[in-house]
1. Within segment 139-168, how many residues are surrounded by 15 or more Cβ atoms within 10 Å (Cβ to Cβ), under 23 Å from residue 211 (Cβ atoms) and not hydroxyl-bearing (Ser, Thr, Tyr)?
2. Please work out which residue is least open to solvent (accessible area, probe 1.4 Å), limiting yourself to segment 331-346 and to residues that are part of a loop (DSSP other than H, G, I, E, B) and touching a Ser or Thr at 6+ places or on another chain (Cβ under 8 Å).
3. Limited to segment 12-64, what total is found for residues that are of a type in the set (Gly, Ala, Ser) and surrounded by fewer than 19 Cβ atoms within 10 Å (Cβ to Cβ)?
4. Scan segment 174-187 residue by residue and report those that are under 22 Å from residue 19 (Cβ atoms) and of a type in the set (D, E, K, R).
5. Of all residues being open to solvent by 10 Å² or more (accessible area, probe 1.4 Å) and of a type in the set (Asp, Glu) in segment 82-103, which is farthest from residue 154 (Cα to Cα)? Just the residue, please.
6. Of the residues in segment 65-81, how many are free of Cβ contacts under 8 Å to residues at least 60 places away in the same chain and open to solvent by less than 10 Å² (accessible area, probe 1.4 Å)?
7. Given 274, 226, 237, which one is buried (at least 17 other Cβ atoms within 10 Å of the Cβ), under 16 Å from residue 187 (Cβ atoms) and either in contact with an Asp or Glu (Cβ under 7 Å, 6 or more places away or on another chain) or modelled with pLDDT of 95 or more (or both)?
Amino acid sequence: MRRLGVYIHWPFCRSKCPYCDFFSRVKKDVDQTAIVDGYLADLEYYRSLNDDYRVETVFFGGGTPSLMEPRQIARILDKIAALWPLADKPEISLEANPNSGRPGLFADLRAAGVNRLSLGVQALNDADLRFLGRTHDARTALAAVDEMTGIFANHSLDLIYARPEQTAAAWEKELRQAAKLGVKHLSLYQLTIEEGTVFARKGVRPAPEEEAARMYEQTAAVLAEAGYRQYEVSNYAAPEFACRHNLGYWRGDDYVGVGEGAAGRLHSQGKIWATSYPRRLEELSAADRAEELTIFGLRLNDGLDKELFKQNCGLAWEDFANPGRVAKLIRDGLVEDTPQNIRATSAGRLLLDYVIEQICL
C-alpha cells in the first residue's frame, strides 16, 4: 500500500503576524461544527479516489489550529481512522501558539489523539516577539514549552532568525537557550520578507545576507553539540524525532489536503493529481512531479532518493536532470552524486535555489 499523509488546514487566527504570507483569516468566532462537517465530507471524497493507501501521518496546520476545539479534532481523527487503514503508530501533529488556549488545553489535545505538538515560539526575548507581531511574551512561551514537554513525548519548537540587526553571537545565545529546553525537534526559519506582507509594505529588511549565512552555518554546529541532527535545511531533531509528516512531503509520499489553504498530491487511475480547495483536481505530468520532487528532495541532508523518485513520478533521475549541469555542480562542490542519492553539500545548501535551478533547466 502507498504511504499517505493527511494535512488539515485551519485558516483562522486571532491576529495576522507581519511576516506571514500564508493563507489565513483573522476571525474569532466561527461555526466549528459546520466547518468540520465540510472537512469530513472532503475526506470521504478523497478516499473515493484511491483504495491503495495507508495513513502514516496527520498534520493540523494553519492558521492557528490550536484554536480548534479538541472535540472537533477528535471527530476528524475518528473519520480518518474509519476511512483508511492506519500505520501501527501514526504521527499526529498539531501547530499551537503559546497563548492560543486555556488551562488544560494541551492535555485535552493529547486526549483527542494528538501525539506531537509544534509550538510557534519564534523568539525568546520580548523585544523581538513584539517586532514579530507575536501576542505572547517570552515568559508565556517558556511556560508553554514546559507544559508541552510534560504532556507530549514528541514535540517541536519554531524560531525565526536573521531578524533585523540580529547578530550571529545573539543567535548563538538564543540557540543554546532553546537547546536546553528539552524539546525533541527545532524548526529554524530564516526571516524573509514576502511580497504583500506588512513587513514588505513597511520596508523591513532582515539581517544582511552574510550575517544570515553565518547564523545558518553556526546553527548546525551548536545544535550538533547539543545532540540534534540537521536533517533538512531548516529542521533539526534528536535521534528518531524527525517530523515524519514533513519527511513524507520531501521524499515524495502522496498526501490529502483538506481546508481552504490546503493542497494535495494523489495517484488515481494511473495518473498524478494536484488537488486544491474545493475538490479541484489538476493532472500533473511526470516532468512536473519530477521537478517538485527535486525541489523538495534536495532540501534533505540525505538528499533525493533516486529509486523513490522513479516510483513517485515515473521518470528515472538520469532521464530528468540536466547531466552537464549536474556535473558542473559536482565539480563546484555544491552537489554529491551516488548511485542511490543526489544531495546538496553544506556549501550547496547555502545556494540551494541556484542548485535546483541548474538541475531542472
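1. Counting residues in segment 139-168 that are surrounded by 15 or more Cβ atoms within 10 Å (Cβ to Cβ), under 23 Å from residue 211 (Cβ atoms) and not hydroxyl-bearing (Ser, Thr, Tyr) gives 8.
2. Here the answer is 334.
3. The qualifying residues number 5.
4. 174
5. Once the filter is applied, the top-ranked residue is 88.
6. 5
7. Exactly one residue qualifies, and that residue is 237.
Quick grid of which residues meet (1) touching a strand residue (DSSP E or B) at 6+ places or on another chain (Cβ under 9 Å); (2) in a loop (DSSP other than H, G, I, E, B); (3) more than 13 Å from residue 179 (Cα to Cα):
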residue	(1), (2), (3)
211	no, no, yes
214	no, no, yes
218	no, no, yes
221	no, no, no
227	no, yes, no
231	yes, no, yes
240	no, yes, yes
245	yes, no, yes
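The values are calculated or read from the model by the stated rules, or taken from the named source; none is laboratory data. Computed from a predicted structure; not experimentally measured. A quick note on method: Cβ atoms are made from the backbone with ideal geometry, for glycine too, and the neighbour counts reach across all protein chains shown. Note: accessible area is taken over every heavy atom of the protein model, side chains too, but ligands, DNA and RNA are not part of it. Shrake-Rupley method; radii C 1.70, N 1.55, O 1.52, S 1.80 Å.
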